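A quick write-up on the structure given underneath.
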Amino acid sequence: MARSKLERNSVEVTEQHELPGYLPPRRQNTGESSCHLPSSASTVVGTTGPSTDKLPEYPEYTDDDDDDGDKPHVPDQGLNSLLRDATTYTFISKSTAGRPGHKLYPKTPVKLHNNLLAAIGFIEIANAGDFAANMWNENPLPFYAILLMVFGGVLAFSMLYFVIKDAILSSGNIRGLRRERRFLQEWRERNDSRGGSPEISRTINCFLAVNFRELGTELVDRFVMGAILGVGAVLVGTGTLIAIAGDDPTLFVTSNLLTGLVGNFPCALYGLVNLLWAIFVGFRASRHTTATRSLNDRELDKAMKIRARDVSFHSIASGFTAILAGGASMATFDIWFAYLLLFPCLVSAPLINAFFRRRVGYDRPFVRQEFCIDEECLLTGLRHARDRRKEFAKGTLESPTLLRVATSLETAIGFIRDNNLVEEYCQRLLSELDEVYRNKVFRDTGDDMEVVVNLDNLLVDSEEDDTLRKELLSAACKVASENAASCFKYQERWLLEALGCYMAISGDGKQGGGTAACMPSDHKKPARDGDDQPGDIHAQEDSNSKKFVVETTETYIDSLRIKRDGAGSATL
């Protein structure tokens, strides 16, 4: 069988460096990162099979000049190139598979979603619905006071719908983050059992640090908050409605307890926990800013300071709002002017919610395969995301990226895979294709709740059907146009998060231990003999019992730098 161009390049470089398993990037650019896809196909979470690169290479959709003539290639996107979507996905629908108008969900979460509901910001208003019950303790109650009590009680109970809905969305993120964390921990164990490569260890610790902050945010700022404040809303709503029958002494006391200490204690407890978490996140963001100063990049420093400022502001504002709202709520059943302290919290909570969704939160793919990164790899991804974000900030009508995406279906699907938009693309196909084409795109698995989408099959099927090809390309262009701006904005945010974690791992912010080129971690160093000095690597070929000595790790890294024509470190 004839080898592909990618495989031939892999063999040539292997022979040159005598390093089995090393796979070069699809394109070598002077001074750019050497990030690339893993050389061996690895099974991707959420797919029905291995993620093999069967899709043809697609034309470049960046503005960079190319000296390779008309050769199509994938633009160097740094870390993003290692986390591109798979070709096969399994989706679950609560209705009959393939029916239009129904939402598809990946069988296994494949990326973190910035899907916090705006309505959650108004949950503090629901907990203030006991205003009338605490203000009017007379008998008989005025008619307008009864109306206010009914309104407050119903408002508190109505928030349960949004609390439960947001908890379901958050649980999807939590399951994906926990699954990623287990994968990273197992990867670390495998790396330690193979001798503990410091470059791979730093890569794993970087992603674990990112995962920890995201998992803590999902738990503290969303799931636990919704659970605690939801319980508080039920207690407050119940006490408010009971207060209508306040002429009964037992019901009067019960109402005071539910709208007072008992009903608002969960809010105060959550406020204390949230404040402690906010302090940790604030110090963490400040450490990231300090750590990245060693890169000596003014524009990067500015971007990192803005990111750290946004994260710190949200965490501190959220923490102090929660603790103030909890304390004021505890006092409202006995001191009416405590509502004056609660009022600023009712106004700030929706604003903090909107700030998180627009300035802090992001979508990102979960780590599902092994590879190794360095700061140059992260900077390359940041450059790419920043340039595309600025491009789409000017509008999408004349975007060079979208103009190139629209040239062919192969280009469009390549763009969608590279930017982790397969889920959005499949949802668009589900809503726009007629029944005949939906049956071609969404293959039945034998389970009425599951369908499988294979991007390779889409390309093959569309070669014989021009109408299907046009429909697929039209849907892809719409997805790219609608999601590209937010996609690259999210990429920039999470890559800044990853870069801050990566540079802060060494403690002093220096690049020590992180100079490895971006390569798949299945490139195994041969076993060491005896008590050799660190960096001395010896290996033995089992196939022909021929021993050969591979260059030291430091020399190998230098060779990669020489291959990049001695270019300096990449800048953002």
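Points to keep in mind about this one:
- Between Lys394 and Val347, full extension at 0.36 nm per residue minus the direct alpha carbon distance yields a gain of 13.6 nm.
- A protection proxy built from the mean count of other Cβ atoms within 10 Å ranks the segments 237-243, 191-197, 290-296, most packed first, as 237-243, 290-296, 191-197.
- Simple spin-label estimate for Lys470 and Arg182 in nanometres, 7 Å along Cα-Cβ: 4.7 nm
- Protection proxy ranking, peptides 124-134, 107-117, average beta carbon neighbours within 10 Å, highest first: 124-134, 107-117
- Karplus (6.51, -1.76, 1.60) ³J(HN,Hα), θ = phi - 60°, over the range 176-192, in Hz, Gly and Pro reported as x: x, 5, 5, 5, 5, 5, 4, 4, 5, 5, 5, 4, 5, 5, 5, 5, 5
- For the range 144-225: accessible area per residue (Å², 1.4 Å): 46 Å²
- In terms of the mean number of neighbouring beta-carbon atoms within 10 Å, the peptides 249-255, 495-501 order highest first as 495-501, 249-255.
- Subtracting the Cα-Cα distance of Phe320 and Ile279 from their residue separation scaled by 0.36 nm leaves 13.8 nm.
- Rounded to 0.05, the FRET efficiency of the Leu403 and Arg357 pair, given R0 = 30 Å and the Cβ-Cβ distance, is 0.50.
- Taking 0.36 nm per residue of sequence separation and removing the Cα-Cα distance, the Asn205/Phe313 pair yields an extension gain of 36.3 nm.
- Spin-label model, Asn139 to Ser431: label points 7 Å out along the Cα-to-beta-carbon direction sit 5.5 nm apart.
- With R₀ fixed at 60 Å, the C-beta to C-beta distance from Leu261 to Glu189 puts the FRET efficiency at about 0.80.
- Amide H contacts of Lys111: Phe366, each under 5 Å away and 5 or more positions distant or on a separate chain (H built 1.01 Å from N in the peptide plane; Pro and chain starts excluded).
- Accessible surface for the range 235-275, divided over its residues, is 43 Å² per residue with a 1.4 Å probe.
- In this structure, the amide hydrogen of Cys372, modeled 1.01 Å from its nitrogen in the peptide plane, lies closer than 5 angstrom to those of Met519, Ser521, counting only residues at least 5 positions away or on a different chain.
- Relative contact order of the range 322-480, defined on C-alpha pairs under 8 angstrom at six or more residues apart (%): 18 percent
- Charge dipole (the range 374-419, unit charges on Cβ, about Cα centre) - positive-most of Ser399, Gly414, His384: Ser399
- Modelled spin-label separation between Ile92 and Ile164, with each label point placed 7 Å from Cα along the Cα-to-Cβ direction: 1.8 nm.
- Taking Lys and Arg as +1 and Asp and Glu as -1, the other residues whose beta-carbon sits under 14 Å from that of Leu116 total 0.
- Computed from phi, the 3J(HN,Hα) profile of the range 305-312 under the Karplus parametrisation 6.51, -1.76, 1.60 (θ = phi - 60°) reads 5, 5, 5, 5, 5, 5, 5, 5 Hz, with x in place of Gly and Pro.
- Amide N proximity, the range 439-476 versus Arg175 label position 7 Å along Cα-to-Cβ, cut-off under 20 Å: 445-453
- The range 208-221 - phi-based ³J(HN,Hα) in whole Hz, Karplus 6.51/-1.76/1.60, Gly and Pro as x: 5, 5, 4, 4, 5, 5, 5, 5, x, 5, 5, 6, 6, 7
- Across the range 198-316, Cα pairs under 8 Å and at least six residues apart give a relative contact order of 21 percent.
- Counting only protein heavy atoms and a probe of 1.4 Å, the accessible surface of the range 78-231 is 64% carbon and sulfur.
The values are calculated or read from the model by the stated rules, or taken from the named source; none is laboratory data. Since the structure is predicted, the reported quantities are computational estimates derived from the model, not experimental observations. Heads up, the Cβs are rebuilt from the backbone with ideal geometry, glycines too, and the neighbour counts pull from every protein chain shown. The area values use the complete protein model at the heavy-atom level, side chains included, leaving out ligands, DNA and RNA. Shrake-Rupley method; radii C 1.70, N 1.55, O 1.52, S 1.80 Å.
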